[in-house]
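Visitor: Please find one structure pasted underneath; my questions will follow.
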Amino acid sequence: MKKEDRFVKQITPKSVDFSKWYGEIIRKAELADYAPMKGMMIIRPYGYAIWENLKAQLDKRIKDSGHSNAYFPLFIPESLLAKETEHLEGFSPEVAWVTHGGQEELEERLAVRPTSEAIIGSMYSKWIKSWRDLPLLINQWANIVRWEKVTRPFLRTTEFLWQEGHTVHETSEEAQEETLMILAMYKEFVESELAIPVISGIKSEREKFAGALATYAIEALMSDGKALQMGTSHNLGQHFSKVFNIRYEDRNQNIQYAWQTSWGMSTRLIGALIMAHGDDSGLRLPPRIAPIQAVIVPISLGNWKDEVLPVAVKIQSELHEMGLRVELDQREEFTPGWKFSEWEMRGVPIRIEIGPRDVKENQAICVRRDSGKKEPVPLDALAVKLPELLSDIQKSLYAKALEFQMTNTHDIESYEEFKATLEEQRGFLRTFWCGKTACEERIKEETMATIRVILLEEDKSIGGERCILCGEKSEHLAYFARAY
RNA sequence: CGGGGCGUAGCGCAGUCCGGGUAGCGCACAGCGUUCGGGACGCUGGGGUCGUGGGUUCAAAUCCCACCGCCCCGACCA
């Protein structure tokens with residue numbers, strides 16, 4: 001961006017210091033604030049409004065695909081959490097424990113849920129008796145606590161909000177089908193609502209969820225070239241049904257352990273929005289989830305209160321009637337220029353300027369946040385033009401992000417090239433990997449890059465290439481990246 | 001958990017070393033007036049346990065000791 005075009009001067013340009021830029025956007029756009037406890041944050045109304053929009057859109061998809069919402073307890077007795085040992089071992093370093101009720105020490109410690117497989121599994125064993133009880137398709141919206149050592153607002157906080165689905169099925173095939181259906185739903189949701197293109201695939205053994213048979217994930221590339229996991233879908237197989245005794249009588253009157261899945265997406269999505277779309281002037285929110293889709297800024301010149309304001313009020317109420325989220329900024333203590341910068345920083349997709357000149361000409365000036373393009377629009381055309389603009393901005397943000405992802409996805413043929421590319425340009429490195437944890441770990445040690453996902457069978461165009469590190473024959477086409 | 005940085009008004013900082021002595025600046029905030037098509041200006045005003053505890057001293061933001069917290073960069077994770 002050219003210097004004279006950069007009107008917002010309150011934040012560090014992201015090219016100068018990405019971390020600082022990220023933190024400043026969060027505080028100055030009033031998305032969140034640091035809490036007085038380490039690793040915790042307050043999600044402020046503007047940030048929470050984004051979450052509510054994301055949640056509404058995702059919740060609709062979850063329900064449309066046959067799932068129902070429920071709510072399970074925040075606390076999990078230690079004995080329950082400890083039943084699946086791989087699960088406990090995976091989470092134990094980051095579990096917070098309640099040891100006292102008032103002054104009295106508890107007989108058994110209570111874990112603050114780091115995820116709810118255990119408590120939900122224990123209840124499912126009571127509810128499921130017959131194949132007629134299946135599939136059981138439940139989702140919960142909840143808060144989760146994980147005692148992380150390194151925290152960053154939205155990306156990794158001690159407490160976060162998420163959605164976790166927990167389903168039970170008659171067969172292994174059905175569980176697998178559910179796992180992949182959710183993965184596809186997540187991808188569609190993120191791409192169409194958040195306008196962020198993602199890659200999807202299976203996680204390596206090392207990166208999979210503790211206690212799962214297989215973990216699938218969607219991953220996106222942030223604009224600093226690092227990858228971010230945006231959602232996971234796990235096929236739990238019978239691991240949890242065996243320890244929680246979730247059994248049913250099948251259609252042939254045999255007693256069987258049930259097959260389960262679990263899947264989740266969190267407030268981390270907000271961090272992704274910031275890092276995938278934001279620019280030097282601040283946030284750029286996709287219209288479909290922006291709390292404010294258009295802001296009207298009246299130009300306070302001359303007798304504007306009588307001449308301009310009534311027109312602005314009328315525009316707002318008309319657009320509001322159409323279901324658009326439109327704000328009229330009639331604060332008198334700020335100049336129009338100040339407001340322009342403010343709303344830009346907060347990522348509002350469209351600004352509608354209206355001043356005395358426009359009123360005379362029966363028009364308003366529409367300015368796009370994504371491109372900065374201004375155009376006069378006749379007042380009676382606003383109702384048609386605005387939805388068009390919003391939809392165009394949504395598409396264009398996605399297209400820009402996709403272009404970025406494609407130009408930063410590199411097909412790699414040698415380990416030397418792998419290391420060089422990572423140093424010089426980051427991004428996704430697409431290459432073959434033999435499937436051995438030893439190779440994966442050595443690559444991580446030497447380059448800080450991890451396997452984000454391995455492409456699924458059906459996505460593979462070619463087979464029989466060789467592992468980037470050891471040279472063994474391999475069918476695993478993997479995406480590597482440095483990740484958050 | 002390692003390495004670095006920082007705690008002074010809501011935010012950003014100066015003052016601390018090298019000299020202990022009325023706690024300052026910019027922004028923000030409040031009032032009034034003039035302004036307003038890309039972060040306006042004038043005047044007036046309010047706001048401080050100088051991170052916490054201890055010590056030295058007539059006197060500590062400043063010197064000494066201990067502790068706490070936060071941020072950033074690395075090893076582990078939605």
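Visitor: Pick out, in residue order, every one of the trypsin sites (Lys or Arg not before Pro) in the range A:308-374 that is DSSP loop and has at most 14 other C-beta atoms within 10 Å; say none if there are none. Before the final figure, lay out each step's value.
Guide: Details: sites: A:Lys314, A:Arg325, A:Arg331, A:Lys339, A:Arg346, A:Arg351, A:Arg357, A:Lys360, A:Arg368, A:Arg369, A:Lys373, A:Lys374; in loops: A:Arg325, A:Arg331, A:Arg346, A:Arg369, A:Lys373.
Those satisfying the criteria are A:Arg331, A:Lys373.
Visitor: Where the only charges are on Cβ atoms (+1 Lys, Arg; -1 Asp, Glu), what is the dipole of the range A:294-389 about its Cα centre, to the nearest 20 debye?
Guide: The calculation lands at about 220 debye.
Visitor: Under 5 Å between amide hydrogens, which residues at least 5 positions from A:Leu106 or on another chain qualify, with H placed 1.01 Å from N in the peptide plane?
Guide: So A:Leu106 has HN proximity to A:His100, A:Gly101.
Visitor: Given the whole protein assembly as supplied and a 1.4 Å probe, what does the accessible area of A:Glu318 come to in Å², nearest 10?
Guide: Roughly 90 Å² of A:Glu318 is accessible to a 1.4 Å probe.
Visitor: Of the beta bridges DSSP finds with both residues in the range A:331-435, what % are antiparallel, to the nearest 5? Walk me through the intermediate numbers first.
Guide: Numbers: 9 of 12 bridges.
For the range A:331-435, the DSSP antiparallel bridge percentage is about 75.
Visitor: Now a separate question. Under the 0.36 nm per residue contour assumption, what length would be gained going from the current alpha-carbon distance of A:Met322 and A:Ser68 to full extension?
Guide: Length gained between A:Met322 and A:Ser68: 88.4 nm.
Visitor: Any chance you could look up the accessible area of A:Glu193 with a 1.4 Å probe, heavy atoms only, rounded to 10 Å²?
Guide: 0
Visitor: On to the next question. With every protein chain kept in the model, how would you rank A:Leu54, A:Leu456 by accessible area, 1.4 Å probe, largest at the top?
Guide: Highest to lowest solvent-accessible surface, that is A:Leu456, A:Leu54.
Visitor: To continue, here is another question. Based on the Cβ-Cβ distance of A:Arg251 and A:Lys473, what FRET efficiency does E = 1/(1 + (r/R0)^6) give at R0 = 51 Å, to the nearest 0.05? Intermediate values should be presented prior to the final figure.
Guide: Numbers: r = 42 Å, r/R0 = 0.83.
With a Förster radius of 51 Å, E is 0.75.
Visitor: Which entries of A:Lys314/A:Lys400; A:Lys60/A:Lys400; A:Lys305/A:Lys395; A:Lys14/A:Lys473; A:Lys63/A:Lys314 show an alpha-carbon separation above 31 angstrom in the structure shown?
Guide: Values: A:Lys314/A:Lys400 34 Å; A:Lys60/A:Lys400 27 Å; A:Lys305/A:Lys395 36 Å; A:Lys14/A:Lys473 41 Å; A:Lys63/A:Lys314 37 Å.
Violating the 31 Å limit, Cα to Cα: A:Lys314/A:Lys400; A:Lys305/A:Lys395; A:Lys14/A:Lys473; A:Lys63/A:Lys314.
Visitor: Which value, in Å² rounded to 10, gives the accessible area of A:Glu52 with a 1.4 Å probe and all protein chains present?
Guide: So the heavy atoms of A:Glu52 present about 100 Å² to solvent.
Visitor: Within the range A:24-59, list the trypsin sites (Lys or Arg not before Pro) lying in a DSSP loop whose Cβ has at most 12 other Cβ atoms in a 10 Å radius.
Guide: Sites meeting the loop and neighbour criteria: A:Lys38.
Visitor: Among A:Val145, A:Tyr248, A:Ile119, whose Cα lies farthest out toward the positive end of the dipole of chain A, if unit charges sit on the beta carbon of Lys, Arg (+1) and Asp, Glu (-1)?
Guide: So the residue we want is A:Val145.
Visitor: Another question, if that's okay. Using a Förster distance of 41 angstrom, determine the FRET efficiency expected from the C-beta separation of A:Ser19 and A:Arg466, and round it to 0.05.
Guide: Between A:Ser19 and A:Arg466 the formula returns 0.65.
Visitor: I need the calculated FRET efficiency for the pair A:Asn303 and A:Tyr46, taking r as the beta carbon distance and R₀ as 41 Å, to the nearest 0.05.
Guide: The computed FRET efficiency comes out at 0.80.
Visitor: Taking 0.36 nm per residue of sequence separation and subtracting the Cα-Cα distance, how much length would be gained by fully extending the chain between A:Thr409 and A:Lys126, in nm to one decimal?
Guide: Using 0.36 nm per residue and subtracting the Cα-Cα distance, I get 97.1 nm.
Visitor: What 222 nm value per residue comes from the helices of chain A, counting each DSSP H run with n ≥ 4 as -39,500 (n - 2.57) and dividing by all residues, nearest 500 deg cm²/dmol?
Guide: -11000 deg cm²/dmol
Visitor: Taking the Cα centre of the range A:409-481 as origin, work out the dipole magnitude from +1 charges on Lys and Arg Cβ and -1 charges on Asp and Glu Cβ, in debye rounded to 20.
Guide: 140
Visitor: With the full set of protein chains in place, find how many percent of the accessible area of chain A is carbon and sulfur; take the probe as 1.4 Å.
Guide: Carbon and sulfur atoms account for 50 percent of the accessible area of chain A.
The values are calculated or read from the model by the stated rules, or taken from the named source; none is laboratory data. Predicted model only: the values in this text are computed from it and were never measured. Heads up, the Cβs are rebuilt from the backbone with ideal geometry, glycines too, and the neighbour counts pull from every protein chain shown. Only protein heavy atoms, including side chains, enter the accessible area calculation; ligands, DNA and RNA are left aside. Shrake-Rupley method; radii C 1.70, N 1.55, O 1.52, S 1.80 Å.
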